[in-house]
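S.K.: Got a structure for you, written out below as structure tokens; questions coming shortly.
The values are calculated or read from the model by the stated rules, or taken from the named source; none is laboratory data. Fair warning: this is a prediction, and the values are worked out from it, not measured in the lab. Because the Cβ atoms are built from the backbone with ideal geometry, glycine has one as well, and the counts that use them run over all protein chains shown.
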Amino acid sequence: MRILLVEDEADLGLAIKQVLISEKYVVDWVADGAEACHCLESQWTDYTVAIVDWLIPGLSGLELCQRLRLHKNPLPVLMLTALGQPENRIAGLDAGADDYLVKPFVMEELLARLRALQRRSPQLQPQNLTLGAFTLDYANNVLCSERAQPPQAIPLTVKEFQILAYLMQNPNRIISGSKIRHQLWDLEEEPVSNVVAAQMRLLRRKLASYGCECPIETIPAQGYRFNTAL
């Protein structure tokens, strides 16, 4: 899952990003409303949730929410702010925020509220995603395969997990390497152009070491596809 974090407090933004990454989220962290709009309008990235501070430079978090709803964008928004009065909460929710978290807060509550937003989101990620002989276990970060010899749970790195999750959520659809790269690497990483191909080679090598044929096909000059027929 990819999250847009809009927070201009450097220490808080870094802390939130680190916690989210530890939970296997891909995070784009920006510090003002204009940068947030640029990310949201990008053809490359599909966000599942936005975490937005109210008091940010340029376009405020309130105005950002209003703009999203004006353009019929259903992206779930969790508003962060030090403004905790009832009238502030009402204004934030009326502007289009789906939830409202007052600073200071503990990270456990932030994560719990994110999970609640996911449950209400059409992009909800299940605890287990099964396609054919493969099951991706979100809770334990493993791929369970009946095709492995013997059948077993294959441990995954964070990036391997993210690649499989993204392709399994789009079965039989060809997705370009550029789309995968922009979707699964955050803005600050600036990965090299062949990073997706390199990760695919590593993933195939790992599955082969467990006696398992990789269900991800390379389509020359087009991209990659999770083939449910394999």
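S.K.: Need pairs with beta-carbon distance below 9 Å; first residue farther than 16 Å from Trp29 by Cβ and within the stretch 47-68, second of a type in the set (Ser, Thr, Tyr) and assigned to a loop (DSSP other than H, G, I, E, B); sequence gap 6+ or separate chains.
M.R.: Every condition considered, the pairs that remain are Trp54/Ser60.
S.K.: I've got another one for you. What do you reckon, is Asp8 in contact (Cβ under 8 Å) with a residue 40 or more places away in the chain and closer than 23 Å to Ala116 by Cβ?
M.R.: Values: in contact (Cβ under 8 Å) with a residue 40 or more places away in the chain: yes; closer than 23 Å to Ala116 by Cβ: no.
Against the criterion (in contact (Cβ under 8 Å) with a residue 40 or more places away in the chain and closer than 23 Å to Ala116 by Cβ), Asp8 does not qualify.
S.K.: Right, next: Could you please give the count of residues in the stretch 193-207 that are modelled with pLDDT under 90, surrounded by 11 or more Cβ atoms within 10 Å (Cβ to Cβ) and more than 20 Å from the chain's Cα centre (by Cα)?
M.R.: 1
S.K.: On the given criteria, is Leu101 outside any loop (DSSP other than H, G, I, E, B), surrounded by 15 or more Cβ atoms within 10 Å (Cβ to Cβ) and either small (Gly, Ala, Ser) or touching an Asp or Glu at 6+ places or on another chain (Cβ under 9 Å) (or both)? Give the steps one after another, and end with the answer.
M.R.: Numbers: outside any loop (DSSP other than H, G, I, E, B): yes; surrounded by 15 or more Cβ atoms within 10 Å (Cβ to Cβ): yes; either small (Gly, Ala, Ser) or touching an Asp or Glu at 6+ places or on another chain (Cβ under 9 Å) (or both): yes.
It is true that Leu101 is outside any loop (DSSP other than H, G, I, E, B), surrounded by 15 or more Cβ atoms within 10 Å (Cβ to Cβ) and either small (Gly, Ala, Ser) or touching an Asp or Glu at 6+ places or on another chain (Cβ under 9 Å) (or both).
S.K.: Follow-up question, since we're still on this one. What number of residues within the stretch 219-230 are surrounded by 14 or more Cβ atoms within 10 Å (Cβ to Cβ) and either touching a Gly at 6+ places or on another chain (Cβ under 6 Å) or closer than 12 Å to Ile175 by Cβ (or both)?
M.R.: 4
S.K.: Right, next: Can you spot a residue in the stretch 82-90 that is of a type in the set (S, T, N, Q), part of a helix (DSSP H, G or I) and touching a strand residue (DSSP E or B) at 6+ places or on another chain (Cβ under 9 Å)?
M.R.: Taking the stretch 82-90 first, the residues of a type in the set (S, T, N, Q) are 85, 88.
Filter once more, keeping what is part of a helix (DSSP H, G or I): 88.
Next, only the ones that are touching a strand residue (DSSP E or B) at 6+ places or on another chain (Cβ under 9 Å) stay: 88.
Taking every residue of the stretch 82-90 in turn, at least one turns out to be of a type in the set (S, T, N, Q), part of a helix (DSSP H, G or I) and touching a strand residue (DSSP E or B) at 6+ places or on another chain (Cβ under 9 Å).
S.K.: Which of the residues belonging to the stretch 19-45 are surrounded by 13 or more Cβ atoms within 10 Å (Cβ to Cβ) and under 14 Å from Leu110 (Cα atoms)?
M.R.: Val19, Leu20, Ile21, Glu23, Tyr25
S.K.: So, in the stretch 139-149, how many residues would count as being in contact (Cβ under 8 Å) with a residue 24 or more places away in the chain, on the phi < 0 side of the Ramachandran plot and surrounded by fewer than 16 Cβ atoms within 10 Å (Cβ to Cβ)?
M.R.: Residues flagged as in contact (Cβ under 8 Å) with a residue 24 or more places away in the chain, on the phi < 0 side of the Ramachandran plot and surrounded by fewer than 16 Cβ atoms within 10 Å (Cβ to Cβ) within the stretch 139-149 amount to 1.
S.K.: Checking the condition under 21 Å from Ser22 (Cα atoms) and at pLDDT 90 or above, which residue from Leu111, Leu187 passes? Spell out how you get there, then give the answer.
M.R.: Values: Leu187 fails: at pLDDT 90 or above.
Within the list Leu111, Leu187, the selection yields Leu111.
S.K.: If a residue must be in a helix (DSSP H, G or I) and either crowded, with 19+ Cβ neighbours inside 10 Å or under 18 Å from the mean Cα position of the chain (by Cα) (or both), how many such residues does the stretch 46-81 contain?
M.R.: The total comes to 5.
S.K.: Hey, another quick one. Which count do you get for residues in the stretch 149-177 that are of a type in the set (Gly, Ala, Ser) and in contact with a helix residue (DSSP H, G or I) (Cβ under 8 Å, 6 or more places away or on another chain)?
M.R.: To start, the set of residues in the stretch 149-177 that are of a type in the set (Gly, Ala, Ser) comprises 153, 165, 176-177.
Adding the requirement that they be in contact with a helix residue (DSSP H, G or I) (Cβ under 8 Å, 6 or more places away or on another chain) leaves 177.
Number satisfying all stated conditions: 1.
S.K.: On to the next question. Would you confirm, using the coordinates I've provided, whether Ile3 is assigned to a loop (DSSP other than H, G, I, E, B) and surrounded by 22 or more Cβ atoms within 10 Å (Cβ to Cβ)? Walk me through it before giving the result.
M.R.: On the way: assigned to a loop (DSSP other than H, G, I, E, B): no; surrounded by 22 or more Cβ atoms within 10 Å (Cβ to Cβ): yes.
Criteria not met by Ile3.
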